[in-house]
């Protein structure tokens with residue numbers, strides 16, 4: 001066994017050498033607690049390709065020390081942002097690759113191109129590109145006639161003043177063309193602010209294109225879907241609450257009893273126009289009257305521990321199902337998901353830069369039919385700037401049950417009983 005091997009799982013449904021190639025950047029809870037344990041349960045061996053191998057070694061040592069499971073796992077360094085390097089890496093191996101997968105926003109196109117090169121099951125690389133590139137997403141939806149949003153693109157190094165001639169509708173939103181997690185996403189009120197914010201983002205992100213688009217105001221929702229190219233399941237919808245403008249930081253999500261109609265059908269039609277129907281997909285949209293209007297499409301599973309909660313509440317092997325699609329296996333027409341469960345995820349967020357000096361420790365408890373699971377996302381003593389994104393999260397409280405009022409009351413009481421303190 002290679003010195004990078006971190007664990008082994010008993011082979012069950014598959015022959016012991018069936019291998020999954022998993023592409024990743026930084027470690028995430030979705031991979032560490034979701035996909036890798038699922039691979040172990042499926043009896044898969046995993047080769048993880050990443051440009052941050054040391055970070056993955058540390059994360060998986062912590063995971064196994066806490067009693068977590070892993071498959072037979074080898075971690076290899078690779079420039080995973082370049083699909084040519086990934087293809088070359090896999091082609092040089094003695095055995096032909098059997099499956100390639102990623103849950104990273106930044107690596108869907110590279111993964112899809114790699115799968116296509118080796119004739120493996122995977123997403124259409126064009127759909128992956130349409131969803132990742134926010135300017136292309138708007139163009140594709142408009143060309144398909146399903147929705148038109150005012151949008152303009154500022155190329156890398158472009159002069160923001162040129163945008164003013166396009167007469168943006170104010171307020172409007174500025175965002176990196178291929179950004180994630182509300183990083184450098186801002187609501188701007190007028191032309192001078194638009195120019196200033198674009199230049200500020202360009203200083204931080206030289207070489208990146210920006211998108212300016214119409215502000216779509218309304219209640220924000222998600223749609224979580226899973227498909228195999230033949231069938232597609234609308235798994236769940238979360239109602240999302242954001243921080244006050246001009247930032248767009250997620251503060252809490254509530255799981256709705258079921259995906260709401262008619263909006264779910266409208267979102268699925270827009271995903272069809274983009275070609276996004278394979279594997280997991282996390283779509284954000286706002287409701288305006290009787291219309292569902294897309295904010296963005298993340299062609300992977302929902303993160304920030306929502307996917308872990310969803311798998312638990314639906315009572316289905318969600319992560320296994322996702323991996324099976326990339327192994328070429330069809331999804332059941334009926335997943336047998338449970339109904340009636342409710343959830344609230346509350347993100348405790350730093351409101352300033354500094355050192356975290358006080359915070360509750362991890363813990364799980366039951367309270368009046370509500371299960372409260374608190375997970376710290378920063379260690380005591382860590383020093384951070386204020387990012388204005390979900391990187392400001394100090395911890396996440398996962399509250400689950402069957403009664404939303406009890407869940408909300410339990411969350412309020414937990415927050416009142418604990419404190420998070422940041423010192424300069």
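All conditions but one from (1) outside the structural domain of residue 34 (by TED's automatic domain parsing); (2) more than 26 Å from residue 320 (Cα to Cα); (3) at pLDDT below 95 apply to residue 94; the one that does not is (1). Residues that are in contact with a helix residue (DSSP H, G or I) (Cβ under 6 Å, 6 or more places away or on another chain) and not in a helix (DSSP H, G or I) were ranked within the stretch 53-79; the one that is surrounded by the most Cβ atoms within 10 Å (Cβ to Cβ) is 71. For the stretch 356-374, what are the residues that are modelled with pLDDT of 95 or more and surrounded by 14 or more Cβ atoms within 10 Å (Cβ to Cβ)? Once the filter is applied, which keeps residues that are modelled with pLDDT of 95 or more and surrounded by 14 or more Cβ atoms within 10 Å (Cβ to Cβ), the stretch 356-374 yields 356, 359, 360, 370, 371, 372, 373, 374. Evaluate the stretch 277-291: report whether one residue or more is under 26 Å from residue 19 (Cα atoms), in a helix (DSSP H, G or I) and touching a strand residue (DSSP E or B) at 6+ places or on another chain (Cβ under 9 Å). Checked the stretch 277-291: no residue is under 26 Å from residue 19 (Cα atoms), in a helix (DSSP H, G or I) and touching a strand residue (DSSP E or B) at 6+ places or on another chain (Cβ under 9 Å).
In the stretch 120-130, is there at least one residue being touching a helix residue (DSSP H, G or I) at 6+ places or on another chain (Cβ under 8 Å) and at pLDDT below 95? Among the residues of the stretch 120-130, not one is touching a helix residue (DSSP H, G or I) at 6+ places or on another chain (Cβ under 8 Å) and at pLDDT below 95, which makes the answer no.
None of 31, 46 is more than 24 Å from residue 92 (Cα to Cα), in the same structural domain as residue 71 (by TED's automatic domain parsing) and modelled with pLDDT of 95 or more except 31.
Residues that are assigned to a loop (DSSP other than H, G, I, E, B) and crowded, with 16+ Cβ neighbours inside 10 Å were ranked within the stretch 231-246; the one that is modelled with the highest pLDDT is 237. Restricting the search to strands (runs of 3 or more DSSP E) fully inside the stretch 309-424 and requiring at least 3 residues that are under 21 Å from the mean Cα position of the chain (by Cα) and under 29 Å from residue 182 (Cα atoms) gives 342-349, 370-376, 393-401.
Somewhere in the stretch 296-304, is a residue surrounded by fewer than 21 Cβ atoms within 10 Å (Cβ to Cβ), more than 23 Å from the chain's Cα centre (by Cα) and more than 24 Å from residue 44 (Cα to Cα)? No, the stretch 296-304 contains no residue that is surrounded by fewer than 21 Cβ atoms within 10 Å (Cβ to Cβ), more than 23 Å from the chain's Cα centre (by Cα) and more than 24 Å from residue 44 (Cα to Cα).
The values are calculated or read from the model by the stated rules, or taken from the named source; none is laboratory data. As the structure is a prediction and not an experimental result, all values here were calculated from the model. All Cβ positions, glycine included, derive from the backbone under ideal geometry; neighbour counts span all protein chains shown.
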